[in-house]
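All remarks here apply to the structure that follows.
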Amino acid sequence: METFEKRANEADEIIEQLTKRISQLEQSILNKKKQTIVPTSSLSESVPLSTYEALLKENEKLKQDMEKQNYRINHLLKNMK
């Protein structure tokens, strides 16, 4: 049983090290990419990566707001019936 626990602890340590390394590599890649290609209809246009990420976050926030509003509208319609 002790060998099993020892191997499990070693596996956990390796997983933690690999997780940290993956995170470092992802950050390195993001830092190297200063621009990304964003498809717009049939043309492609260069947009700074930070701007693109900010737009993605704003888009997600707007989607959440829209879902909340749709829920409220549906709730109001049900109560009117």
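Laboratory data are not the source of any read-out in this text; all were calculated from the coordinates shown. Everything quoted here is computed from the prediction, not taken from an experiment. Because the Cβ atoms are built from the backbone with ideal geometry, glycine has one as well, and the counts that use them run over all protein chains shown.
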Under the Karplus relation with 6.51, -1.76 and 1.60 and θ = phi - 60°, whole-Hz ³J(HN,Hα) for the stretch 22-29, x at Gly and Pro, equal 4, 4, 4, 5, 4, 5, 4, 5
Karplus-derived 3J(HN,Hα) from phi for the stretch 49-66 (6.51 cos²θ - 1.76 cosθ + 1.60, θ = phi - 60°), whole Hz, x at Gly and Pro, runs 4, 5, 5, 4, 5, 5, 5, 5, 5, 5, 4, 5, 5, 5, 5, 5, 4, 5
Proxy exposure order for 66, 80 (fewest C-beta within 10 Å first) is 80, 66
Cross-link reach from residue 57 to aspartates and glutamates, straight Cα distance under 12 Å and at least 8 residues apart if same chain, gives none
